[in-house]
1. Given the criteria in contact (Cβ under 8 Å) with a residue 60 or more places away in the chain and surrounded by fewer than 22 Cβ atoms within 10 Å (Cβ to Cβ), does THR60 qualify?
2. What pairs come up if the first residue lies in segment 80-105 and is assigned to a loop (DSSP other than H, G, I, E, B), the second is of a type in the set (Val, Ile, Thr) and at pLDDT 95 or above, and their beta carbons are under 6 Å apart, counting only those six or more places apart or on different chains?
3. Any idea which residue in segment 148-164 is nearest to ILE117 (Cα to Cα), counting only those that are surrounded by 12 or more Cβ atoms within 10 Å (Cβ to Cβ) and either in contact with a helix residue (DSSP H, G or I) (Cβ under 9 Å, 6 or more places away or on another chain) or aliphatic (A, V, I, L, M) (or both)?
4. All but one of (1) over 23 Å from TYR65 (Cβ atoms); (2) without any contact (Cβ under 8 Å) to a residue 40 or more places away in the chain; (3) out of contact with any Ser or Thr (no Cβ under 7 Å at 6 or more places or on another chain) hold for THR190, so report the exception by its number.
5. Yes or no: segment 139-147 includes at least one residue that is charged (D, E, K, R), in contact with a Phe, Trp or Tyr (Cβ under 7 Å, 6 or more places away or on another chain), surrounded by fewer than 15 Cβ atoms within 10 Å (Cβ to Cβ) and at pLDDT 95 or above.
6. Among the residues of segment 191-206, is any charged (D, E, K, R), buried (at least 17 other Cβ atoms within 10 Å of the Cβ), under 18 Å from TYR59 (Cβ atoms) and outside the structural domain of HIS35 (by TED's automatic domain parsing)?
7. Out of (1) basic (Lys, Arg); (2) part of a loop (DSSP other than H, G, I, E, B); (3) at pLDDT 95 or above, the odd one out for LYS16 is which?
8. Being assigned by TED's automatic domain parsing to the domain that holds ILE45 and out of contact with any strand residue (DSSP E or B) (no Cβ under 9 Å at 6 or more places or on another chain) narrows it down to one of THR82, THR108, so name that one.
Amino acid sequence: MAIVAFATLAFVSCKKSDSNPNYDGAPPASVGIVHASAGVPALDIAFDNSRLGVTVFNYTDRIDYLPVKPGTRNFRVYGAWTSTVTPLFAKDLVFEAPKSYTVFITDTASKMDAVLIRDSAIAAGPDSVRVRFANMSPDAPALDLYVKGNPVPVATNITYKKAGVFFSYKTTVNIEFELRATGQSTLLATSEPFTLSKVNSNFYTIWSGGYVNGNPAAGTKITLDWFAH
């Protein structure tokens, strides 16, 4: 799920200030944010002191690209619906304009982290899209990504907090991806079928969240999800 309108409105409604990354006149970086902390309730985020005020940012949700002032920004994570000034987690991240990035919020409690991944600027071919895999499963080993029905992995040996390079893949409908530990045959997770279409985007990120040893009933078991960007 991508969250766009509310987050954008929150930035637009802020008064101009030095701490607001949307208002200094310089070309911005573009930053998307993914809630990849399995078992953690809805979150809100801020860049420096500019809190977005989102209240429906749940696990596996993505906030679509926001304009962020380049340079070092203090990325802060809060619980949604809270007014506390103390974040659950904070980390300095460095952005360059006009580059695009994805920030994954991973793990929980004292181990929570913000993983900054640069997004691709290489265009796909006329009948293809660009696809990558990101491992955001804290207790997982290196992982391989497969297309269901194909014994050859399309991404290999991707460790926690890392993303593989983008590769080209033909547009197709009802594709399913599968996840296995590198060099192992045991199936860890399968994505829901979806369509790789240039109508949605030229770029897709497939990502794993949750824990290999997680609890399915609590929503913390390892899963495969995706977003277009």
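1. Details: in contact (Cβ under 8 Å) with a residue 60 or more places away in the chain: yes; surrounded by fewer than 22 Cβ atoms within 10 Å (Cβ to Cβ): yes.
In short, yes.
2. Going by the 6 Å Cβ cut-off, the qualifying pairs are PRO87/VAL77; LEU88/VAL77.
3. In this case the residue turns out to be ALA163.
4. (2)
5. Here is the first cut: in segment 139-147, the ones charged (D, E, K, R) are 139, 144.
Pick out the ones that are also in contact with a Phe, Trp or Tyr (Cβ under 7 Å, 6 or more places away or on another chain) and you get 139.
Filter once more, so that each one left must be surrounded by fewer than 15 Cβ atoms within 10 Å (Cβ to Cβ): 139.
This time we only want the ones that are at pLDDT 95 or above, so: 139.
Within segment 139-147 (the criterion being charged (D, E, K, R), in contact with a Phe, Trp or Tyr (Cβ under 7 Å, 6 or more places away or on another chain), surrounded by fewer than 15 Cβ atoms within 10 Å (Cβ to Cβ) and at pLDDT 95 or above), the answer is yes, since at least one residue qualifies.
6. If we filter segment 191-206 for residues that are charged (D, E, K, R), which is where we start, we get 192, 198.
Filter once more, so that each one left must be buried (at least 17 other Cβ atoms within 10 Å of the Cβ): none.
No - not one qualifying residue is present in segment 191-206.
7. Failed condition: (3).
8. Values: THR82 fails: out of contact with any strand residue (DSSP E or B) (no Cβ under 9 Å at 6 or more places or on another chain).
The conditions single out THR108.
The values are calculated or read from the model by the stated rules, or taken from the named source; none is laboratory data. Owing to the predicted nature of the structure, the values given are computational and were not obtained by experimental measurement. Note that each Cβ is placed from the backbone with ideal geometry, even for glycine, and that neighbours are counted across all protein chains shown.
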